Amino acid sequence: MASIIFDRFESLFRILNPFNEFAEEEHRVEVRKDPLLHDTSIYNPFLKDKAKAFFGQNDGELLDKLARETAEGCIFCGDFVRTKTARYPDAVMPGGRMELGEAVLFANLFSLAPHHPVIVLSNSHFLKPREIKADLLADGFQLSRTYLKDIYERDAAMAFATVNANYLLPAGASLVHPHMQMLISDLPYTYHGRLLDGAAEYQSRSGTSYFADLISVEKTRKERYICRSGNWHWMAAYSPMGSNEIVALHDEESDLGRITVKDLRDLSDGITHVLALYEELGHLSFNFTLYSARGGDSVGFRCLFKIVNRQNLYPNYRNDDYFLQKMLQTDLILNLPEDLAAKARKFFGTA
Ligand SMILES: [Zn+2]
């Protein structure tokens, strides 16, 4: 029996608005709680225009300049990706790097974990989000899956994997050349751990999988559910952890090492639809993560993909991660998730 609760709390208050001759106005905020982790997010309809001012507009000239100037000496470009990037010892990976299509996987010189490869996705130094084609993403994900399976064979303790992307400087990317980073470890990092603990606790309390219940409830309510594409269920997050968050949940599998090449292709197709939606909304910069937990011991977990957009790129841009996000771990809702899902359906061709 599903026990998913979509909590929301509304407050009304009065303000004398200086931009409206100090007329008394009634304002409203809505606080939402994530059904699994109870993380909060805030929606204030009056903030919509101010949020637009916060996010600004991407500066096309600055973007072109950034792409042009960083192309010189980029170690992900041309032959450099095969000659200047760090290699794994041959005993670990024959040849030191792996390739598939345009994707190249190699060791991160500044690793945060024993298993922290970088996966360059394209020959092109710079691609706009709409130019990041599904084939490029799918080949990158396939390399990450091959690498993970290899690590599984060599180390039984390695159970928690993520495949991550930072796109453009506001998202934390140090290089504009399209790439992903994979982390594999024997303990889950904070948020991943909370998801796993939350899912296990839910399963022991209700006897069902949280993610299976979420899919079923969201599908029935049709408010935030976008569509099913292959084994992935796409939806807008009820209480987002970042701007315009969209998630994809695998129908049954928790482990990137066990999902199919077609699953990776379908996931990549979906990502391209989300990137097109973000561009339409005026956002280029984004972060995404695919969370995986090794099969068997991952009670109630599912492969989970989350993507959020980040601050736009313009001179002296303002960081979108301020006290609210960083210290209170609460995000602002710019587009109501229900509206976002409606917009996303057009890009997934299911409107
Ligand atoms: Zn490059």
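The values are calculated or read from the model by the stated rules, or taken from the named source; none is laboratory data. Since we're looking at a predicted model, the values are computed, not measured. Cβ sites come from the backbone with ideal geometry, for glycine too, and all protein chains shown count toward neighbours.
In table form, for the structure just shown:
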| read-out | value |
| --- | --- |
| Members of segment 264-310 found to be among the small types (Gly, Ala, Ser) and not in a strand (DSSP E or B), listed by number | 268, 270, 276, 282, 285, 295, 296, 298, 300 |
| Residue match in segment 149-157 (condition: under 21 Å from residue 292 (Cβ atoms), touching a residue at least 60 places away in the same chain (Cβ under 8 Å), more than 17 Å from the chain's Cα centre (by Cα) and more than 16 Å from the ligand (Cβ to nearest atom)) | yes |
| Selection from segment 294-311 of residues that are more than 17 Å from residue 340 (Cβ to Cβ) and surrounded by 24 or more Cβ atoms within 10 Å (Cβ to Cβ) | 301, 302, 303 |
| Answer from 86, 91, 134 - the residue that is closer than 30 Å to residue 61 by Cα and surrounded by fewer than 19 Cβ atoms within 10 Å (Cβ to Cβ) | 134 |
| Where residue 203 falls short, out of the listed (1) buried (at least 20 other Cβ atoms within 10 Å of the Cβ); (2) assigned to a helix (DSSP H, G or I); (3) in contact with a helix residue (DSSP H, G or I) (Cβ under 8 Å, 6 or more places away or on another chain) | (1) |
| In segment 59-83, residue nearest to the ligand (Cβ to nearest atom) [restricted to those that are under 30 Å from residue 106 (Cβ atoms) and under 24 Å from the mean Cα position of the chain (by Cα)] | 76 |
| Residue in segment 84-105 that is farther than 19 Å from residue 182 by Cβ, within 16 Å of the ligand (Cβ to nearest atom), without any contact (Cβ under 8 Å) to a residue 60 or more places away in the chain and out of contact with any strand residue (DSSP E or B) (no Cβ under 6 Å at 6 or more places or on another chain) present | yes |
| Complete set of residues in segment 170-188 that are surrounded by fewer than 18 Cβ atoms within 10 Å (Cβ to Cβ), more than 16 Å from the ligand (Cβ to nearest atom) and closer than 30 Å to residue 54 by Cα | 172 |
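Table: residues versus (1) at pLDDT 95 or above; (2) acidic (Asp, Glu).
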site	(1), (2)
18	no, no
45	no, no
51	no, no
59	no, yes
87	yes, no
95	yes, no
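Yes/no matrix, rows are residues, columns are (1) part of a strand (DSSP E or B); (2) buried (at least 18 other Cβ atoms within 10 Å of the Cβ); (3) modelled with pLDDT of 95 or more:
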{"position": "144", "(1), (2), (3)": "no, yes, yes"}
{"position": "150", "(1), (2), (3)": "no, no, yes"}
{"position": "162", "(1), (2), (3)": "yes, yes, yes"}
{"position": "166", "(1), (2), (3)": "yes, yes, yes"}
